[in-house]
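Rule-based calculations on the coordinates, nothing more; no lab input. Bear in mind that the values here come from a model prediction, so they are computed numbers and not experimental data. A quick note on method: Cβ atoms are made from the backbone with ideal geometry, for glycine too, and the neighbour counts reach across all protein chains shown.
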Amino acid sequence: MAAAALLVLLAHLAFDFDASARAHAEMTNRLWHIRERYRALLSDLHEGVVDVGGARTRRDALMSELQHIYSSGPMSPSDALPDGTGDPAKTEPVKNAPAA
């Protein structure tokens, strides 16, 4: 029993799960903010508040900010993609996924 407790303690100290959880929570908050801004952009575009050119500019800025969040977060984009390259264009489409 003491050996199991020691292993758990060593794993906890070696991997620092608390810091990892805080980093993921911070990244989640930043991603949620991007999501809300994107939804507001879509709403503005639908209501005619912004023109298509302005919407594209704001969309590109959001995508750039999103890339920065992923690159500075606890999980890099290459970890998230199946081929490990970090390039979404090089990934294979998910089977049974709706067409884009």
Those residues of the range 43-56 which are exposed (fewer than 12 other Cβ atoms within 10 Å of the Cβ) and of a type outside the set (Asp, Glu), in sequence order: Ser43, His46, Gly48, Val52, Gly53
Answer residue from the range 8-36, given it is out of contact with any helix residue (DSSP H, G or I) (no Cβ under 9 Å at 6 or more places or on another chain) and acidic (Asp, Glu) and is surrounded by the most Cβ atoms within 10 Å (Cβ to Cβ) among those: Glu26
The listed residue being assigned to a helix (DSSP H, G or I), exposed (fewer than 12 other Cβ atoms within 10 Å of the Cβ) and in contact with a Pro (Cβ under 9 Å, 6 or more places away or on another chain), out of Ser71, Ser64: Ser71
